[in-house]
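See below for the structure under consideration.
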Amino acid sequence: MEIVLSAAIGILGASGIWLVLRARTFQVLMGLSLVSYAVNLFLFSMGSLSIGQEPIVTPGIPADLAHYTDPMVQALVLTAIVIGFATTALFLVVLLALRGLADNDHVDGKDEGA
Amino acid sequence: MIATLTAAVADAVAPLMPHLVVAPVVIPLVAAAALLAIGEGRRGLLVAGSLAAMAVTLAVALALLAWVDVRGATPVIAVYLPANWDVPFGIVLVADRLSALMLAITAVVAVCALVFAVARWQRAGVYFHPLFQLQVMGINGAFLTADLFNLFVFVEVMLTASYALLLHGSGRARVQAGLHYIAVNLVASALFLLGVAMIYGIAGTLGMADVAQKLPAIPPHDRGLLYAGAALLGVALLAKAAVWPLNFWLVPAYSAAAAPVAAVFVLLTKVGFYAVLRLWTLFLAPQADSTTRFGADVLVLMGLATVVVAALTMIASRNVRRLAALATMMSAGTLVAVLGFGSAELLGGALYYLLGSTLAVATLFLLADLIERAREKGTGATADEGLVAPPPFAFDEQPVASGVNLDDEEAALIGQPIPIALAFLGLAFIVCVLLIAGLPPLAGFLAKFTMLAVLVGHDGAPTSSLGWAVVVVLILSSLVALLVLVRTGIRYFWVPQGRAVPHLAVIECLPIGGLVAGVVCITVAGGPILRYTTAAATHLLDPSAYVQAVAGTKATPGPTQPSRAAGGGTR
């Protein structure tokens, strides 16, 4: 499971960085989204990776991380997703505004060589 | 006099503590919601509400400043538990000397920027006032929070408001700069989260004081991971603090922003610096095998590079807004470079420098707006003309108006009186120049002198080569700033002949006058303020009092609170 998760984080992060470095605004937006997915997964993995364990304490089972999964990171990821979603939506608006003002989708608003 | 006043205020607010700590976050938040409900239609009510909220925030910030400033060895630290959970489980807000100082300077700049915006800029777009309040809420929250994740949340609130405020007034330049600004900050936020995640993975907690307590127990083989996490956090925060090479977003964004927005943006870089200062001193205490903290030299070198790059770029710039943006950068670089030495006296001087430079650069952004408007009116030039710069050292060859005598041999020139509006702008500009270049008699000189005196070792301590490098760079950067700003002053105030007199509204002069008065105040009260900042720096570098104050705070037992069994788990 560790291998699969780290591969997923690595591939998402690498694709995200590659896209962020592209010159088209929409590619940058997709790149930022992928980077934020990678970061969220990483944040999630910083709790304990476990299968079939709940984050909520139930009576009769000792309250420690051997018997439960860490609820903290799940709360953090949820917050990070919400914030990332809002800022990405804002970026999309600015992207469209620049597209309208500059009449192309280059990040600097000018199409070189076109 | 200051001491008795402080004591009186501290006594007066004592019954409100520690609940007052949350007020700088709650007041702007509630105000933003209320202003949104009032709507753009009722402008008078909107302005009154916005100004009132900001004035109350200022009063609270000053009261907190008085509260934490009690002479004595043990620092007064106000700890507030908003959800009444025991430390380290709940959210914690902490106001110590540093936080209170940053809150006060934020409130002063925000009030002045808001008054300035009321004159013209608030009409350049919608929802200026709610966004402005949210911006201040984010900044205040970042200064007060005592756990890493809420630092992230408040920084995001601050940045999201700043994205919207940067676009205030619209236009191609703002939208384009805004796109870059948002992209850079989103990447920086991703790094911030990675750093937070790694620290959580190692320490198992997010409370700053709690992490600081647990870090010494970390086994050596995990320290590499800790340093990696700290470095990631550092990159994210230094990008927000505008330190080279992470600051290429700053100049386009800040010079494109509307004047009052740019003035508040000066505070955003200070949030980055504050976070670096707080986390670096708390988390990376010197290890047993060395006397310096992890990354100290890197901070000094990055700060120096920032100052050098800012100074060189200044030489090539003519536009006042660009110069103000570069002055922001220069002050950020100076602060980070000096931080790296980890000396309380030096850091005290740096915090004093922070006050002066923040006020000066904010004033310069407001002034730039008025100067350029007057210039546009006089010459018909557009505000962006300075952006496509002719050679930087060529003065304008102004066409000589008829009736102007340039020959000394002929009849004496009867000078036209300088219009009072122009004289006001000129004097305010001179104050900014003196502060940014660090010339006597104002606070900029006192701060730079304090820092240089410590660096060259007035107490006989030898100065490292890095220390000498900082001394040389600080002095040379002051010289460059002086040259460039004087050149700009000459170009705007002396060279033009027969220009139109700028029409200034009183409401636009008020905030500039207020900021200049603030500069005079911190200059006159230099002694007490330096004592305060040095005490703040001492407790930062030895954070045991902070850690104990936070760790020792207990939740208030509620009337029906069930007793928590030792084993937990069942309820």
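The values are calculated or read from the model by the stated rules, or taken from the named source; none is laboratory data. Note that the structure is a prediction, hence the values are computed from the model and not measured. Note that each Cβ is placed from the backbone with ideal geometry, even for glycine, and that neighbours are counted across all protein chains shown.
Scanning segment B:125-143 for residues that are part of a helix (DSSP H, G or I) and of a type in the set (Val, Ile, Thr) turns up B:136, B:139. For residue B:160, the conditions (1) free of Cβ contacts under 8 Å to residues at least 40 places away in the same chain; (2) hydroxyl-bearing (Ser, Thr, Tyr); (3) out of contact with any helix residue (DSSP H, G or I) (no Cβ under 7 Å at 6 or more places or on another chain) are fulfilled apart from (3).
Residues of segment A:70-86 include at least one that is within 25 Å of residue B:198 (Cβ to Cβ), more than 8 Å from chain B (Cβ to nearest Cβ), free of Cβ contacts under 8 Å to residues at least 60 places away in the same chain and in a loop (DSSP other than H, G, I, E, B).
To keep it simple, each residue is scored yes or no on (1) within 19 Å of the chain's Cα centre (by Cα); (2) in contact (Cβ under 8 Å) with a residue 12 or more places away in the chain.
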| position | (1), (2) |
| --- | --- |
| A:19 | yes, yes |
| A:26 | yes, yes |
| A:36 | yes, yes |
| A:57 | no, no |
| A:62 | no, no |
| A:67 | no, yes |
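Among residues of segment B:426-439 that are touching a residue at least 12 places away in the same chain (Cβ under 8 Å) and more than 13 Å from residue B:512 (Cβ to Cβ), those with a Cβ under 7 angstrom from a residue that is aromatic (Phe, Trp, Tyr) and part of a helix (DSSP H, G or I), sequence gap 6+ or separate chain, pair up as B:438/B:445; B:439/B:445. The one condition from (1) crowded, with 17+ Cβ neighbours inside 10 Å; (2) small (Gly, Ala, Ser); (3) out of contact with any Phe, Trp or Tyr (no Cβ under 6 Å at 6 or more places or on another chain) that residue B:99 does not meet is (3).
When residue A:31 is tested against (1) at pLDDT below 90; (2) crowded, with 19+ Cβ neighbours inside 10 Å, exactly one condition is not met: (1). Residues in segment A:43-57 that are touching a Ser or Thr at 6+ places or on another chain (Cβ under 9 Å) and within 11 Å of chain B (Cβ to nearest Cβ) were compared, and the one that is modelled with the highest pLDDT is A:45. Report whether or not residue B:184 is more than 9 Å from every other protein chain (Cβ to nearest Cβ), in contact with a Ser or Thr (Cβ under 7 Å, 6 or more places away or on another chain), in contact (Cβ under 8 Å) with a residue 60 or more places away in the chain and assigned to a helix (DSSP H, G or I). So residue B:184 fails the test.
Residues in segment A:89-105 that are buried (at least 17 other Cβ atoms within 10 Å of the Cβ) and either within 17 Å of residue A:33 (Cα to Cα) or more than 10 Å from chain B (Cβ to nearest Cβ) (or both): A:90, A:91, A:94, A:95, A:105. Which residues, taken from segment B:138-173, are at the interface with another protein chain (Cβ under 10 Å from one of its Cβ atoms), of a type outside the set (A, V, I, L, M, F, W, C) and under 30 Å from residue B:199 (Cβ atoms)? Selection gives B:150, B:156, B:160, B:163.
Kindly indicate whether any position in segment B:187-205 is part of a helix (DSSP H, G or I) and either away from every other protein chain (no Cβ under 13 Å) or touching a strand residue (DSSP E or B) at 6+ places or on another chain (Cβ under 6 Å) (or both). Looking for residues that are part of a helix (DSSP H, G or I) and either away from every other protein chain (no Cβ under 13 Å) or touching a strand residue (DSSP E or B) at 6+ places or on another chain (Cβ under 6 Å) (or both), one finds none in segment B:187-205, hence no. Please verify whether residue B:484 is in contact with a helix residue (DSSP H, G or I) (Cβ under 6 Å, 6 or more places away or on another chain), farther than 15 Å from residue B:307 by Cα and touching a residue at least 60 places away in the same chain (Cβ under 8 Å), treating the condition exactly as stated. So residue B:484 fails the test. Only one of the listed residues (B:239, B:256) is touching a residue at least 12 places away in the same chain (Cβ under 8 Å), within 24 Å of residue B:115 (Cβ to Cβ) and in contact with a helix residue (DSSP H, G or I) (Cβ under 6 Å, 6 or more places away or on another chain). That residue is B:256. Taken together, B:213, B:176 contain a single residue that is in contact (Cβ under 8 Å) with a residue 40 or more places away in the chain, within 8 Å of chain A (Cβ to nearest Cβ), surrounded by fewer than 24 Cβ atoms within 10 Å (Cβ to Cβ) and not hydrophobic (A, V, I, L, M, F, W, C), which is B:176. Exactly one residue among B:528, B:511, B:462, B:543 is farther than 21 Å from residue B:102 by Cβ and modelled with pLDDT under 90, and that residue is B:462.
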